[in-house]
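One structure below.
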Amino acid sequence: MENNTIFYHYYDAIFSEKNYRKETEFIFKKASESLGRSPEKILEIGCGTGNHTMNLAGKNIPLTAIDIDSEMTSIAFNKIKNAGYDSVKIITTPVEKLDESGFDLAIAMFNVITYIPDTNNLISFFKAVYERINAKAVFIFDCWNGLAALKNPPKNKKTEVQKGNELVSCIVESETDFWKQKTKLVYQLQVKNFSDLTVKNDTFSFYQTLWTPMQIEHCLNEAGFHVFSCNRLLDDKTTANHEDWKIMYTCQK
């Protein structure tokens, strides 16, 4: 992802429609059912600006939240600090270099694995998670379903969000390479300030890997994980199929 100050500042506004609380409650319930009890120590991988983190922190369970992007972790740290949560650690690191273990729940939400570029790195990522969680611990993550995304690639879209006295407009353009299973997303961002009549424009982009379920499950098996389920996102009663764009995996060590 390109380093972009405007992107970081307006990230939460751009994705304000995402229901982080609902996702967190679903994950916590799913993990508790799989473990047979509430988790006692949680690892969040790819915490971003800390929106899932804030909801998990409310559980008052020891939580380590990590991200490779220092701008993101800085925002997450300030949220946690201002909220007064003392059971949360925010660390800027890839999971492969995290010097901590003993977790009984690991999560990686908001398409974390789609930022991983190739099979070797995906296996390494899963192995790093596996090595840092306890026996019988649960690992839950969501992602795009490559089968659905390749059949029906992401389309261009525009969103507008009011943030105080500013109007944040975001046009997302997508370009999919079917052979390489990659989608490039380009965000054209414009912020209009109604007070001083200034306009800020910027562009940022990143690539998403369109992993198929077969590829994901191969990498999970290589890392040692047992796959409990692959469901539609936030629907643990429906097994995912080739038309479900957003899917969620529940795995166990």
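A few notes on this one:
- Over 20 Å apart at the Cα level, from the set Lys158/Lys184; Lys18/Lys200; Lys182/Lys246; Lys89/Lys136, are Lys18/Lys200; Lys89/Lys136.
- Estimated dipole of the stretch 61-178 in Debye, rounded to 20 [Cβ of Lys and Arg +1, of Asp and Glu -1, Cα centre]: 320 debye
- Each pair of Cα atoms in the stretch 1-47 enters the Kirkwood radius, and Stokes-Einstein at 25 °C and 0.890 mPa s then converts it into a translational diffusion coefficient of 186 µm²/s.
- Percent of Cα pairs exceeding the 17 Å cut-off, where the set is the stretch 149-209: 48 percent
- Net charge dipole size for the chain [Lys, Arg +1 and Asp, Glu -1 on Cβ; Debye, nearest 20]: 420 debye
- Computed about the Cα centre, the dipole magnitude for the stretch 149-209 is approximately 300 debye when only Lys and Arg (+1) and Asp and Glu (-1) carry charge, each at its Cβ.
- Applying the Karplus relation 6.51 cos²θ - 1.76 cosθ + 1.60 with θ = phi - 60° to the stretch 234-239 yields 3J(HN,Hα) values of 6, 9, 7, 9, 10, 5 Hz, where x marks Gly and Pro.
- Charged neighbours of Glu175, selected by a Cβ distance under 15 Å, balance to +3 (K, R count +1; D, E count -1).
- Efficiency of FRET between Phe228 and Glu175 - r from beta-carbon atoms, R0 45 angstrom, step 0.05: 0.80
- You can think of it this way: the chain between Tyr85 and Arg37 has 15.0 nm of extra reach, that is 0.36 nm per residue less the Cα-Cα gap.
- A simple count of charges around Asp142, restricted to other residues whose Cβ falls under 9 Å of its Cβ and scoring Lys, Arg +1 and Asp, Glu -1, yields 0.
- Between Gln252 and Asn152, the modelled label-to-label distance comes to 3.3 nm, taking each label 7 Å out from Cα in the direction of the beta carbon.
- Signed unit charges on C-beta, dipole axis of the stretch 149-209, positive-most listed residue Leu197, Gly164, Val186: Val186
- Considering only beta bridges that DSSP places wholly inside the chain, some 75 percent are antiparallel.
- Sorted from greatest to least, the principal axis extents spanned by the alpha carbons of the chain come out as 57, 47, 33 Å.
- Taking every DSSP helix (H) stretch of at least 4 residues in the chain, weighting each as -39,500 (n - 2.57) and dividing the sum by the residue count yields a mean residue ellipticity at 222 nm of -9500 deg cm²/dmol.
Here, each number is a calculation from the coordinates, and none is a lab measurement. Note that the structure is predicted; figures quoted are calculated from it, not measured. Because the Cβ atoms are built from the backbone with ideal geometry, glycine has one as well, and the counts that use them run over all protein chains shown.
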